[in-house]
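Colleague: Structure incoming, see below.
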Amino acid sequence: MVMPFHEGLIVHTQSHDYPIVITEQSTAEHSSMAKQIAPYISGRQVLIVTNDTIAPLYLKALEDELVEQFMVKVCVLPDGEQYKNQASIDQIYDALMTEHFNRDVTLIALGGGVVGDMTGFAAASFMRGVNFIQIPTTLLSQVDSSVGGKTGINHAQGKNMIGAFWQPQMVLADMSTLKTLPARELSAGVAEIIKYALIMDEAFLTWLEENLTAMMALDLAVLGEAVKRCCQYKADVVAQDERESGVRAC
Ligand SMILES: NC(=O)c1ccc[n+]([C@@H]2O[C@H](COP(=O)([O-])OP(=O)(O)OC[C@H]3O[C@@H](n4cnc5c(N)ncnc54)[C@H](O)[C@@H]3O)[C@@H](O)[C@H]2O)c1
């Protein structure tokens, strides 16, 4: 049985609607990451894209379970913003081509915003567009980059200069992955949440002030609630303006 603790978060886009599932239970057998994403994988072919920091933490459990149902391959990229470039995208294409994967493949982004942006861009461009699923593992990627369909890479002359809008089939934000997140990355995510609160409403800002200590102490239920509120806001913005040219545009 799947037990998301915030059901019903749907992103409406021009191409399709997709759910954001926020859970803190994916490490439990009955609601593993694999069980939650499997219904959103349409073909038999799966390529998990991750990096060499996240792979030792979360890859095996996901891969071991998915192989029971799908033909699963893995692409492990080097960790870091400096690798968010064409060479990494080529590494993903190479993995897809070597396995003779076709239009039915689903790419799974297992990682923070860097992995998510690159996997999304590879999905947008491989065979003119294939399915992908986001499993964001940083707080920043859970509240921001995994939702909304902005994908891309950096160019030597500018950040995020090459990319595409490409929406995932689903987003699975497993709060329990935050337990291994470095403190600096947790703070970066909290800073992003404060940014949301400043532009959303006063009620959220008040809630945030009351719950900031709990968030910094890694209270997963409180963090999950914050992610839900930010994602709801982002889903509303995307429904009105998919290219997000409004107040949070970057
Ligand atoms: N597409 C969008 O709408 C959008 C929005 C905002 C930011 N971004 C992009 O997101 C990127 C930043 O994302 P980020 O802040 O997630 O950084 P990141 O992906 O570089 O992750 C930060 C670090 O944490 C590690 N990490 C990730 N999850 C972990 C976990 N659970 N446990 C331990 N370590 C973990 C990563 O390997 C990395 O070293 C930038 O490239 C930015 O351009 C995109």
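The values are calculated or read from the model by the stated rules, or taken from the named source; none is laboratory data. Predicted, not measured: the structure shown is a model, and the values here were computed from it. All Cβ positions, glycine included, derive from the backbone under ideal geometry; neighbour counts span all protein chains shown. Accessible surface is based on the protein model in full, side chains and every heavy atom, while ligands, DNA and RNA are left aside. Shrake-Rupley method; radii C 1.70, N 1.55, O 1.52, S 1.80 Å.
Colleague: I want the antiparallel fraction of DSSP beta bridges within the stretch 102-250, as a percent rounded to 5.
Modeller: In the stretch 102-250, DSSP labels about 40 percent of beta bridges as antiparallel.
Colleague: With a 1.4 Å probe and all protein chains kept in place, how do ASP201, ASP144 rank by accessible area, largest first?
Modeller: Values: ASP201 80, ASP144 30 Å².
Of ASP201, ASP144, the descending order of accessible area is ASP201, ASP144.
Colleague: Quick check: with the 1.4 Å probe, what order do ASP117, ASP94, ASP64 take by accessible area, largest first?
Modeller: Final ranking, largest accessible area leading: ASP94, ASP64, ASP117.
Colleague: Oh, and also: Between helix 220-240 and the chain, what is the angle of the helix's C-alpha long axis to the longest principal axis, kept within 0 to 90° and rounded to the nearest 10?
Modeller: That works out to roughly 70 degrees.
Colleague: Per 10 Å bin, what percent of the C-alpha pairs of the chain does each bin hold, from zero upward?
Modeller: 7, 34, 38, 18, 2, 0
Colleague: What are the ³J(HN,Hα) values, in whole Hz, obtained from phi via the Karplus relation 6.51 cos²θ - 1.76 cosθ + 1.60 with θ = phi - 60°, for each residue of the stretch 44-51 in sequence order, with x given for Gly and Pro?
Modeller: Rounded to whole hertz, the list is 9, 9, 9, 10, 8, 10, 8, 10.
Colleague: Label-point separation (nm) for ALA239 and ASP52, each offset 7 Å from Cα along Cα-to-Cβ?
Modeller: Computed distance between label sites ALA239 and ASP52 equals 4.4 nm.
Colleague: May I pose another question? Please list 3J(HN,Hα) in residue order for the stretch 126-135, calculated via the Karplus relation 6.51 cos²θ - 1.76 cosθ + 1.60 where θ = phi - 60°; whole Hz, with x for glycine and proline.
Modeller: Result, ordered by residue: 5, 6, 6, x, 10, 5, 8, 10, 9, 10 Hz.
Colleague: Treating each Cα of the stretch 145-250 as an identical point scatterer and ignoring solvent, apply the Debye formula and state log10 I(q)/I(0) at q = 0.09 Å⁻¹.
Modeller: -0.26
Colleague: Here's another thing I want to ask about it. How many Lys pairs in the chain lie less than 24 angstrom apart by Cα atoms, where the lysines are 8 or more positions apart or on different chains?
Modeller: Eligible lysine pairs with Cα atoms under 24 Å apart amount to 21.
Colleague: A further question follows. Could you tell me how far the Cα centroid of the stretch 115-144 sits from the Cα centroid of the stretch 9-85, in Å?
Modeller: The stretch 9-85 and the stretch 115-144 have Cα centres spaced 10 Å from each other.
Colleague: Another question, then. Using θ = phi - 60° and the Karplus relation 6.51 cos²θ - 1.76 cosθ + 1.60, list the HN-Hα couplings for the stretch 84-90 in order, rounded to whole Hz, with x at every Gly or Pro.
Modeller: 7, 8, 4, 4, 5, 4, 4
Colleague: I've got another one for you. Give me the one-decimal Kirkwood hydrodynamic radius in Å for the stretch 102-180, with the sum taken over alpha-carbon pairs.
Modeller: Evaluated over the stretch 102-180, this radius sits at 12.5 Å.
Colleague: What's the carbon and sulfur percent of the chain's accessible surface, probe 1.4 angstrom, rounded to a whole number?
Modeller: Roughly 53 percent of what the probe reaches on the chain is carbon or sulfur.
Colleague: Then there is this: Report, in deg cm²/dmol and to the nearest 500, the calculated mean residue ellipticity at 222 nm for the chain, where each DSSP H run with n ≥ 4 adds -39500 (n - 2.57) and the sum is divided by the residue count.
Modeller: -11500 deg cm²/dmol
Colleague: Can you tell me how much longer the chain between ASP104 and THR206 gets when fully stretched, taken as 0.36 nm per residue apart minus their C-alpha distance, in nm with one decimal?
Modeller: 32.1 nm
Colleague: Quick one: of the DSSP bridges fully inside the chain, what percent are antiparallel, nearest 5?
Modeller: 30 percent
Colleague: Would you pull out the residues with amide H under 5 Å of PHE132's amide H, same chain only if 5 or more places away, H placed 1.01 Å from N?
Modeller: LEU107, GLN169
Colleague: Could you tell me how many degrees, from 0 to 90 and to the nearest 10, lie between the Cα long axis of helix 183-199 and the main elongation axis, the longest principal axis, of the Cα atoms of the chain?
Modeller: The two axes meet at around 60 degrees.
Colleague: Then there is this: What's the angle, to the nearest 10 degrees (0 to 90), between helix 202-216's Cα axis and the longest principal axis of the chain?
Modeller: Taking Cα atoms only, the helix is inclined about 70 degrees.
Colleague: Same structure, new question: Assuming R0 = 25 Å, can you tell me the calculated FRET efficiency for the pair ASP94 and MET161, based on Cβ-Cβ distance, to the nearest 0.05?
Modeller: Taking R0 as 25 Å, the efficiency between ASP94 and MET161 is 0.65.
Colleague: Which value, in Å², gives the accessible area per residue of the chain when a 1.4 Å probe is used on the protein heavy atoms?
Modeller: Here the residues of the chain average 46 Å² of exposed surface.
Colleague: Let me ask something else. How large is Rg/Rh for the stretch 178-219, to two decimals, with Cα atoms and a Kirkwood Rh? Intermediate values should be presented prior to the final figure.
Modeller: On the way: Rg = 10.6 Å, Rh = 10.7 Å.
The Rg/Rh ratio comes out at 1.00.
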